[in-house]
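Working notes, structure below.
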Amino acid sequence: MHDPLRPHRHDPNPEPPSPDAEIALDLPDGQTRLIAVEALRAMPRTALDACYIVSTGHGTSGPFRFEGVRLQALIARWWDGPLTSVEVVSGDGFGTRVLAEELADEGPRPILLATDCDGQPLRRADGLVRLIVPSERDDALRQVKWVARIRLVNG
Ligand SMILES: Nc1nc2c(c(=O)[nH]1)N[C@H]1C(S)=C(S)[C@@H](COP(=O)(O)O)O[C@H]1N2
Ligand SMILES: [Mo]
């Protein structure tokens, strides 16, 4: 079975999986919160300059200035209990796992849920809402477009 947390394809899907950018946030206690993109945009914002989308198969694009909300800030707003990892999965079955240690040790370039790029709102076709993992510069497999579900895992 295809595991979205281990994507193996390098053909980026060009099509948004749905028109809607709402995100479902699964909490470790079994509850789910639905987060509209407007609610995400209303949160404190962070910008990251000089981001590149690096693809082994089809080159590099950028630099981009991505702007949005820190993944850590989103988590802190909804969950203050213990956490071991966070699964970020798109509507087209593409995803990555972020470890709690990564979030604790982010430094000046934090992981972002981007809603804007180069001063413009990201369009759905561009990947709204897009995860940006600035430490990953190999193959773009963690630069997840169309984030649909964020699962907080403890244990
Ligand atoms: N949801 C989703 N995110 C994705 C992919 C995808 O197919 N679906 N492809 C990945 C790959 S392999 C690449 S190279 C980049 C391409 O990003 P771009 O469309 O901005 O160039 O997105 C990454 N994120
Ligand atoms: Mo890729």
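Every read-out reported here was derived from the displayed coordinates using simple, explicitly stated rules and does not represent laboratory data. As the structure is a computational prediction, the values presented were derived from the model and not from experiment. Note that each Cβ is placed from the backbone with ideal geometry, even for glycine, and that neighbours are counted across all protein chains shown.
In the chain, the DSSP-assigned H stretches of four residues or longer account for a calculated mean residue ellipticity at 222 nm of -2500 deg cm²/dmol, using -39500 (n - 2.57) per stretch and the full residue count as denominator.
The Stokes-Einstein estimate for the range 41-93, based on a Kirkwood radius over Cα pairs and taken at 10 °C with 1.306 mPa s viscosity, is a diffusion coefficient of 115 µm²/s. Projecting the Cα atoms of Val144, Met43, Gln31 onto the dipole axis of the chain, where Lys and Arg carry +1 and Asp and Glu carry -1 at the beta carbon, places Met43 farthest toward the positive end. Packing here is the average count of other Cβ atoms within 10 Å per residue, and on that basis the peptides 127-133, 145-151, highest first, run 127-133, 145-151. Dipole of the chain computed with +1 at Lys/Arg Cβ and -1 at Asp/Glu Cβ about the Cα centre; of Pro110, Thr84, Pro14, farthest Cα towards the positive end is Pro14. Basic side chains Lys and Arg get +1 at the Cβ, acidic Asp and Glu get -1 at the Cβ, and with that the dipole of the chain about its Cα centre reaches some 160 debye. Ordering of 30-36, 61-67, 93-99 by packing is 93-99, 61-67, 30-36, highest average first (other Cβ atoms within 10 Å, averaged per residue). Along each principal axis, taking the top coordinate minus the bottom one, the Cα set of the range 79-155 gives 35, 28, 26 Å in descending order. Under Stokes-Einstein, with the Kirkwood radius over Cα pairs as Rh, the value for the chain at 37 °C and 0.692 mPa s is 211 µm²/s.
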